[in-house]
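Written below as structure tokens is the structure these notes are about.
The values are calculated or read from the model by the stated rules, or taken from the named source; none is laboratory data. Predicted model only: the values in this text are computed from it and were never measured. Positions of Cβ are backbone-derived with ideal geometry, glycine not excepted, and every protein chain shown enters the neighbour counts. For the accessible areas, the whole protein counts, side chains as well, though only heavy atoms, and no ligand, DNA or RNA atoms are used. Shrake-Rupley method; radii C 1.70, N 1.55, O 1.52, S 1.80 Å.
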Amino acid sequence: MQAQGCGIAPGGGRLSVLHRHLTAVPVSGQVTTATHAPRFHYTLDNDRLTTEQRQFYEDNGFLVIKNLVSHEDLDDFRGVFEKVCKKELTAPGLIAMRDVAILNSEFVPDQKAITKVQDFQELPELFRYCSLPRILEYVECFIGPNIMSMHTMLINKPPDAGKKTSRHPLHQDLHYFPFRPADLMVCAWTAMERIDRSNGCLVVLPGTHKGVLKQHDYPEWEGGVNKLYHGVRDFDPNLPRVHLTMEKGDTVFFHPTLIHGSGMNKTAGFRKAISCHYASSDCYYIDVKGTSQESIEKEVVELAMKRYGMESEISLRDAWMAKARVVHGERINL
């Protein structure tokens, strides 16, 4: 399945025909294949994705593009991350998260592992990932030309300390997002090194993007759970799972209601990936009070107030608007 055609650059101009060697591949595990005439609901008509790629995403809710981000770019992002860990770089709104069970890190400040750098929209050296033309020309296939960066992460999964806290419970990203429609959102998640089951690769439940947003809570794990690591409740544990083995530079795009998570890092090293959640600026904010998302609102608002040094209470919408950024096209609603 060859990636073909041309896309739209962040400045609005046409990109030349690039990356014909890039491929989108089904990965190991049980995934759906289609034999019927395609009717596409989750992708848009353009000349970037092949019919086979579109059908794969339609059926499964995710699509892996091999070798999409250059090793040079990823090495640059790794260098920026190290400077953040050493407190040589910071930015308004940026948060460095630490694992509840890790005491030592490959970077020494605090003697605690920084497991995730989140909301780096004010740090240009990292935010550059979110506007890479190679990423955006695929994002546009899912959500259209008016593209907003909504949530950014560089994930540094630590070696597990024996309490399994390096796991990320199965969840749906839509649980955290107070905007809709879900079909106009997509995540780009890029491996910064080889990632497999030994160091805690992503695991996805193909086809669950066609379901509804489910109730989420903190799982009752003996070793504790990291802040905001909510897990989905009431899903069929017998659903087939696919473990995404990815090489450095491979990027998976997935739908916000796809159930996914990641396993323990059983190696001695820190497993790194960088990601951005995108939404069309045609999306709109919703009131989550009285919904399954109400539980997340208080946590997110408290975190945002602390991060930005605010004294008066803000709304969940305010917290998201503060970090939303246009990366292509126009800002309409978000």
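Just to make sure I understand: if all protein chains stay in place, what is the order of 143, 286 by accessible area at 1.4 Å, largest first?
Heavy-atom accessible area, descending, gives 286, 143.
Would you please name the trypsin sites (Lys or Arg not before Pro) within the range 174-218 that are DSSP coil residues with at most 16 other C-beta atoms within 10 Å of their C-beta?
Taking the range 174-218 and a limit of 16 other Cβ atoms within 10 Å, the loop trypsin sites (Lys or Arg not before Pro) found are 194.
Please identify the trypsin sites (Lys or Arg not before Pro) of the range 256-302 that satisfy two criteria: DSSP loop assignment and at most 11 other Cβ atoms within 10 Å. Which are they?
Passing both the DSSP loop test and the Cβ count: 289.
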